[in-house]
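Structure first, then comments.
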Amino acid sequence: QVKPVESGGGLVQAGGSLRLSCASSSGSIFGSYAMGWFRQAPGKEREFVAAVAWRGGYTHYADSVKGRFTISRDNAKNIVFLQMNSLQPEDTAVYYCNSEVTYSGGTWRDFGPWGQGTQVTVSS
């Protein structure tokens, strides 16, 4: 398992954009697993945001972000991105990347270790 390091969060106004990045903490290469972004807002449980297969042609998004967020990965550079557009206050959360996710029982589950996350705050 490779521990991820998330970055790119910050404070933006509603309607703004951010791009999050997920990289390996050790320099090791992420395995050939689907990877995903999750988020946890204050007072809420961690929830799935988006996932991308090792071959980036397959992606999946939570309904709440579909059409606004785009997940992608650059296997050569060993980085996974989350482009977030049209951000809204309800998107405010700590965003986490997981290097091993799988779809089961109608949801995406995480099996890889968690990083420290990156804070995204959207002002109204």
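Given the chain, what percent of its DSSP beta bridges are antiparallel, to the nearest 5? Walk me through the numbers on the way to the answer.
Values: 38 of 42 bridges.
Restricted to the chain, the bridges split so that about 90 percent are antiparallel.
Among the chymotrypsin sites (Phe, Trp or Tyr not before Pro) in the range 53-124, those located in a DSSP loop and surrounded by at most 14 other Cβ atoms within 10 Å of their own Cβ are Trp54, Tyr58, Phe111. The residue list Leu11, Gly36, Asn75 was ranked by how far each Cα lies along the charge dipole of the chain toward its positive end, using unit charges on Cβ atoms, and Asn75 comes out on top.
Treating the beta-carbon of each Lys and Arg as +1 and of each Asp and Glu as -1, no other charges, what is the dipole magnitude of the chain about its Cα centre, to the nearest 20 debye? Intermediate results must be reported in sequence, preceding the final value.
Values: 11 positive and 9 negative charges, 44 e Å.
Roughly 200 debye for the chain.
Solvent exposure of the range 12-65 amounts to 55 Å² per residue of accessible area, where only protein heavy atoms count and the probe is 1.4 Å.
Build a GNM of the chain with springs between Cα atoms under 10 Å apart, and of Gly67, Gly105, Gly16 the one that fluctuates most is Gly105.
Can you give the local net charge around Val122? Use residues other than it whose beta-carbon is closer than 11 angstrom to its beta-carbon, Lys and Arg +1, Asp and Glu -1.
Working: positive: none; negative: Glu90, Asp91.
Local net charge: -2.
Computed over neighbours whose Cβ is under 13 Å from that of Lys44, the net charge equals -2, Lys and Arg +1, Asp and Glu -1.
Calculate, for Phe111 and Leu11, the FRET efficiency according to 1/(1 + (r/R0)^6) with r their C-beta to C-beta distance and R0 22 Å; round to the nearest 0.05.
On the way: r = 32 Å, r/R0 = 1.44.
Calculated transfer efficiency: 0.10.
One decimal place: the segment Ser24-Lys44 gains 4.5 nm when fully extended, by the rule 0.36 nm per residue minus the C-alpha distance. Let me check I've understood the local charge: for Pro113, count other residues with C-beta under 13 angstrom from its C-beta, Lys and Arg +1, Asp and Glu -1. What total comes out? That sum, taken over residues with Cβ under 13 Å, equals -2. Ranking Tyr58, Val120, Ala93 by Cα position along the charge dipole of the range 1-122, where only Lys, Arg, Asp and Glu carry charges on their C-beta atoms, puts Tyr58 farthest toward the positive end. The fraction of accessible area contributed by carbon and sulfur in the range 19-124 is 47 percent, rounded to a whole number (1.4 Å probe; ligands and nucleic acids excluded).
The values are calculated or read from the model by the stated rules, or taken from the named source; none is laboratory data. Because the structure is predicted, anything quoted here is derived from the model rather than measured. So basically every Cβ, Gly included, is an ideal-geometry build from the backbone, and we count neighbours across all protein chains shown. To get the accessible areas, we keep the full protein, side chains included, count just its heavy atoms, and leave off ligands, DNA and RNA. Shrake-Rupley method; radii C 1.70, N 1.55, O 1.52, S 1.80 Å.
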